[in-house]
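Trainee: One structure is given below, represented as C-alpha cells, and several questions about it will come after.
The values are calculated or read from the model by the stated rules, or taken from the named source; none is laboratory data. Only a predicted model underlies this, so the values are computations on that prediction, with no experimental measurement involved. Ideal geometry is used to build each Cβ from the backbone, glycine not excepted, and the neighbour counts take in all protein chains shown.
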Amino acid sequence: MLHGTPYKTPAEVDLQFDLINHLWDGLPYYEFIVRNSELARQRFNMIADVRVGARDEERLDIFSSDKPDAPILIFVHGGWWRGGTRKGWSYLAFSFLKLGYTVVISDYTLCPKATVPDITQASRAAVAWSYENAEKINGDRNRIFLVGHSAGGQQAGMMAVTDWKQYGLPQDVLKGVVPMSGIFDMREFQSCFLQPYLQLTGDTAYTESPLFHIPETAPPILVMLGDEESVGFHRQSETFAKAWKDKGHRAEYYAVPGEDHATQVYMLGDADSLACQAIDRFLKSC
C-alpha cells in the first residue's frame, strides 16, 4: 500500500481524484460560471481586488449586503490548488446576497508558484481581513462563516482547525464552516497526478491535513459533497466528519442527491437549490 492510503498504486489514486480527465461534461458548467459571474459583477456593486497578502493574487472580491450587520460568508474556490481564480465565482452573489449575506470571494497564488501552506496563509488572511473590516462591508464580525469547494474544501478544513489566537483573532472567529468535496488527508496526494504541482513533502502532507489537527475548541462544520462523487471523496468526507464528532464537536454530513463534484457547486448560484438551502439552514443554526 502507498503510505497512509488504501491504494496500491498511483493509478488507483488518480482513478478516484483525477477530475480533469473524468469530467467529460465539464465544458457547459465552465461556460455557466463564466457567464453568470460576469453577470453578477455587472448587476451588483462589487468591491474588487482588495489585497490581503504579499502575493499579488492574494486578493478579495466583496459583494456587500444592502443591510448593515449582515452575516459574512467567505468562499474559497477550488481548482486542485493549481487552477481557478476568484473571478470565476462571482455568481455566488446571486444566491447568498438574496439569502442576506455579505459575500467575500477569496483568492490565492496557485501551485507550483506557491505551496499549499502558502495558500492556507492566504485563506487565513481573508478571514482576518473580514473580521477587521466587517463594518465597512455591512458585515457582522460576530457572524463570519466560511465555505470552500474541492481544494477550497481542504482550505475550509484548515480554517476550521486553525488556532486563531496565534493571529490575534478570537478562537471562535468562524462561527461555522462548510467544506464541500474536500480533501482532509493530503497523504494520498503525494502519489497522484497533482504531485508535480503540489510538491508535497512528508511534513506538508501532514501539516496541511485537517484530519490530524482537530483542536479541543472548534466550530460546527457541515461536510458536503455530491452523492455521485467517487468512493475516494466519500471516504475522505466521512472520515473527517466522524473524527470531528469523536472530538465532541458538532459535525453534519450531507451528500447532495443526484449531484457530482461539479454539479453540486454550480447549484450555489441558485438560492433555492438543495445545496444553498442546506448551507443556509446550517449557518443560521450555528
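Yes/no per residue for (1) at pLDDT 95 or above; (2) within 19 Å of the chain's Cα centre (by Cα); (3) closer than 14 Å to G139 by Cβ:
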site: I33; (1), (2), (3): no, yes, no
site: M46; (1), (2), (3): yes, no, no
site: R59; (1), (2), (3): yes, yes, no
site: A70; (1), (2), (3): yes, no, yes
site: L73; (1), (2), (3): yes, yes, yes
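Trainee: Next question. For the subset of segment 247-269 comprising residues that are within 27 Å of Y30 (Cα to Cα) and over 18 Å from the mean Cα position of the chain (by Cα), which member is modelled with the highest pLDDT?
Mentor: Step one: of segment 247-269, the residues within 27 Å of Y30 (Cα to Cα) are 253-269.
With the extra rule that they be over 18 Å from the mean Cα position of the chain (by Cα), the set shrinks to 257-258.
Working: P257: 95, G258: 90.
Among them, the one singled out is P257.
Trainee: Quick check on segment 265-274. Is at least one of its residues part of a loop (DSSP other than H, G, I, E, B), free of Cβ contacts under 8 Å to residues at least 60 places away in the same chain and touching a Phe, Trp or Tyr at 6+ places or on another chain (Cβ under 9 Å)?
Mentor: no
Trainee: Let me ask another. Of all residues in segment 234-248, which are in contact with a helix residue (DSSP H, G or I) (Cβ under 9 Å, 6 or more places away or on another chain) and either closer than 21 Å to L283 by Cα or crowded, with 17+ Cβ neighbours inside 10 Å (or both)? Write out each step before concluding.
Mentor: Residues of segment 234-248 in contact with a helix residue (DSSP H, G or I) (Cβ under 9 Å, 6 or more places away or on another chain): 235-237, 239-240, 243-244.
Selection gives Q236, S237, F240, A243, W244.
Trainee: Look through K165, K175 and report the one residue that is modelled with pLDDT of 95 or more and either of a type in the set (A, V, I, L, M, F, W, C) or not in a helix (DSSP H, G or I) (or both). Give the derivation first.
Mentor: Details: K165 fails: either of a type in the set (A, V, I, L, M, F, W, C) or not in a helix (DSSP H, G or I) (or both).
Sole residue among the options that is modelled with pLDDT of 95 or more and either of a type in the set (A, V, I, L, M, F, W, C) or not in a helix (DSSP H, G or I) (or both): K175.
Trainee: Just give me the residues in segment 188-231 being more than 18 Å from the chain's Cα centre (by Cα), under 30 Å from P257 (Cβ atoms) and part of a helix (DSSP H, G or I), in sequence order.
Mentor: The answer is E188, V231.
Trainee: Quick check on segment 169-212: of everything there that is in contact with a Phe, Trp or Tyr (Cβ under 8 Å, 6 or more places away or on another chain) and hydroxyl-bearing (S, T, Y), which residue is surrounded by the most Cβ atoms within 10 Å (Cβ to Cβ)?
Mentor: Filtering first and then ranking leaves S181.
Trainee: Does A243 satisfy the criteria of being in a helix (DSSP H, G or I) and either modelled with pLDDT of 95 or more or under 16 Å from F94 (Cα atoms) (or both)?
Mentor: On the way: in a helix (DSSP H, G or I): yes; either modelled with pLDDT of 95 or more or under 16 Å from F94 (Cα atoms) (or both): yes.
Yes.
Trainee: Grab the strands (runs of 3 or more DSSP E) fully contained in segment 41-105, keeping just those with 2 or more residues being surrounded by 22 or more Cβ atoms within 10 Å (Cβ to Cβ) and among the aliphatic types (A, V, I, L, M).
Mentor: Details: elements: 47-51, 59-63, 70-76.
Answer list for segment 41-105: 59-63, 70-76.
Trainee: May I ask you to verify whether R141 is of a type outside the set (A, V, I, L, M) and in a strand (DSSP E or B)? Walk me through it before giving the result.
Mentor: Working: of a type outside the set (A, V, I, L, M): yes; in a strand (DSSP E or B): yes.
Yes: the conditions hold for R141.
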